[in-house]
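Notes for the one structure printed next.
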Amino acid sequence: MREVSMSVPSGDGSMWTRRRFLHATTSALGASALSAWGSDTKPIRVAAIVTSFTHRSHAHVILENFLEDYPFNGQRTSSGCQVVSLFTDQHPEGDMAPAVAKEYRIAHVPTIREALTLGGKSLAVDGVLSIGEHGEYPYNEKKQHQYPRKRFFDEIVATFREVGGVCPVFNDKHLSYRWDWSKEMADVSRSMGFALMAGSSVPLAERRPSVELPDSSPITAAVSIHGGGLESYDFHGLEVLQSMVEARRGGEVGVARVEFLGEEKLWQKGEAGAWSIPLADAAMRAELGPEAPGVRELSRTPRFANPHGILITYRDGFQALMLKFGEDGIRWNFACQIDGEKEPRATRFHVGPWQNRNLFKALSHAIQIHFREKKPPYPMERTLLTSGILSAAMDSRFEGEKPVDTPWLNIAYPPIDFRRCREMGQTWKQITDQTPEPAGMHRFFGSSS
């Protein structure tokens, strides 16, 4: 297949040609790297249902790891999948879908039903990627982005019912901006007997320094921090938090109350002890270094203006805070206090080069496990819970920062060790800050199509 030429500046001032890039990156990885699934494994046929397919959209940065081999934990990894169909809901300027569909011989179809059946009367795929992120969709009065994830899900389910077959489904990010829809999606998947996976890419990032919380950890308080926007990045911050605190003693038992905190109320609650300012200091120092000022001092500078928080009270009495702090799209920090330990445990979730793009290699790997094993590799209940927390937080904000009692979030589940899906840092020995970011599909090893 014809390769598109690439010529971009390298770190030493010379030009990186496509050939030079491929030689350097492939040599760095090594010839002994292995496919994840084995050469005799039957490919999983995948339908991709996406809102919009533009450069660096979620459709782009997920699908590139299904269409090309990719590095994961220092190993050459094949998706084990064959993307056979693509439905795009919107077609903006810069739409990559037609060219990608042509190059990779994917049926670019006008309906979700056709994506799942390839125009026939039976299910023609083994897994469905539902990527409802990016594109031009409205916000409601609560500032929630009304992505059509529930509409996509309903059309997928309608097709399952029509043809009398089901397969695993992945839903990108939170299930829906509405709690009742999120709950319905989870309930329908269980009642129809198909595996549903959803969630954030960030919990799968490398932890620097490495922090592992064993099951039944006696966590007494926790804070996660992000530097992105309202709702869209709040979700990621909540998933980072939940992916850690679900390991606390007794397992996850659900959430009793959620409260959105604007800047004034945030600091009032912190100084009153409702959440731990010293833990936030520790989380930021995991990113900025041990000599960095505390968050109260940092908040007085323009760089860290306008913070907000989501205060969560769990049904077992445990309290934690998700903090939005500063403007940095790759800020993902966490700290917690373990009973009996003097110093907090703190880490940052390192995304690798190219901003957040490489986060999706680990997420894609997790989705591929989900499709092949027909069950998510970490709890679906985690994302159901964070979807509900986020919905309640946006209600709290809309209602003047009043606490919202959440008896419906009585979601209990045990944690699952998901280290096999996480990037542990080996890939950043091959993709470095000096590696040029490709404009199109990431062909680390040359085209595999």
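The values are calculated or read from the model by the stated rules, or taken from the named source; none is laboratory data. Every value quoted in this text rests on a predicted model; they were computed, and no experiment measured them. No Cβ is skipped: glycine too gets one built from the backbone with ideal geometry, and neighbour counts run over all protein chains shown.
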**Item:** Selection count where residues are of a type in the set (Gly, Ala, Ser) and outside any loop (DSSP other than H, G, I, E, B), scope segment 187-200
**Value:** 4
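Tally the residues that are touching a residue at least 40 places away in the same chain (Cβ under 8 Å) and touching a Phe, Trp or Tyr at 6+ places or on another chain (Cβ under 9 Å), restricting the search to segment 283-312.
Pass one, segment 283-312, residues touching a residue at least 40 places away in the same chain (Cβ under 8 Å): 283-287, 306-312.
Going one step further and asking which of them are touching a Phe, Trp or Tyr at 6+ places or on another chain (Cβ under 9 Å), we end up with 283-284, 286-287, 307-312.
So the count comes out to 10.
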**Message:** I'd like to know if segment 366-384 contains one or more residues that are within 18 Å of GLU206 (Cα to Cα), touching a residue at least 60 places away in the same chain (Cβ under 8 Å) and part of a helix (DSSP H, G or I).
**Reply:** yes
**Prompt:** Any idea how many residues of segment 313-335 are more than 21 Å from LEU204 (Cα to Cα) and either free of Cβ contacts under 8 Å to residues at least 60 places away in the same chain or assigned to a strand (DSSP E or B) (or both)?
**Reply:** 4
**Asked** Tell me, which residue of segment 40-92 that is in a loop (DSSP other than H, G, I, E, B) and closer than 20 Å to ARG420 by Cβ is farthest from the chain's Cα centre (by Cα)?
**Response** THR41
**Request:** Please indicate, with yes or no, whether at least one residue in segment 122-130 is under 18 Å from PHE235 (Cα atoms) and part of a loop (DSSP other than H, G, I, E, B).
**Result:** no
**Request:** Among the residues of segment 105-149, write down those that are among the acidic types (Asp, Glu) and surrounded by 14 or more Cβ atoms within 10 Å (Cβ to Cβ).
**Result:** GLU114, ASP126, GLU133
**Message:** Scan segment 372-380 and tell me whether some residue there is within 21 Å of the chain's Cα centre (by Cα), farther than 25 Å from ALA59 by Cβ and acidic (Asp, Glu).
**Reply:** no
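Does any residue of segment 111-118 turn out to be in contact (Cβ under 8 Å) with a residue 60 or more places away in the chain and of a type in the set (Asp, Glu)?
From segment 111-118, those in contact (Cβ under 8 Å) with a residue 60 or more places away in the chain are 112, 115-116; that's our starting set.
Still in the running and of a type in the set (Asp, Glu): none.
Within segment 111-118 (the criterion being in contact (Cβ under 8 Å) with a residue 60 or more places away in the chain and of a type in the set (Asp, Glu)), the answer is no, since none of the residues qualifies.
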**Request:** Check LYS361 against each of (1) farther than 23 Å from ASP215 by Cα; (2) within 17 Å of the chain's Cα centre (by Cα); (3) charged (D, E, K, R); (4) not assigned by TED's automatic domain parsing to the domain that holds PRO168 and name the one condition it does not meet.
**Result:** (4)
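Table: residues versus (1) small (Gly, Ala, Ser); (2) in contact (Cβ under 8 Å) with a residue 40 or more places away in the chain; (3) assigned to a strand (DSSP E or B); (4) out of contact with any helix residue (DSSP H, G or I) (no Cβ under 7 Å at 6 or more places or on another chain).
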site: ALA99; (1), (2), (3), (4): yes, no, no, yes
site: ASP154; (1), (2), (3), (4): no, no, no, yes
site: MET185; (1), (2), (3), (4): no, no, no, no
site: VAL211; (1), (2), (3), (4): no, yes, no, yes
**Request:** Give me the pairs, please: first residue somewhere in segment 214-228 and in contact (Cβ under 8 Å) with a residue 12 or more places away in the chain, second residue anywhere and polar (S, T, N, Q) and part of a strand (DSSP E or B), beta-carbon distance under 6 Å, and either six or more positions apart or on two chains.
**Result:** THR220/GLN337; ALA221/GLN337; ILE225/ASN333
**Complete:** Over segment 329-367, the set of residues in contact with a Cys (Cβ under 8 Å, 6 or more places away or on another chain), buried (at least 23 other Cβ atoms within 10 Å of the Cβ) and among the charged types (D, E, K, R) is none
**Asked** GLY227 passes all but one of (1) crowded, with 20+ Cβ neighbours inside 10 Å; (2) closer than 17 Å to THR313 by Cα; which number fails?
**Response** (2)
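For GLN430, state whether it is in contact (Cβ under 8 Å) with a residue 60 or more places away in the chain and either surrounded by 13 or more Cβ atoms within 10 Å (Cβ to Cβ) or small (Gly, Ala, Ser) (or both).
Details: in contact (Cβ under 8 Å) with a residue 60 or more places away in the chain: yes; either surrounded by 13 or more Cβ atoms within 10 Å (Cβ to Cβ) or small (Gly, Ala, Ser) (or both): yes.
So GLN430 passes the test.
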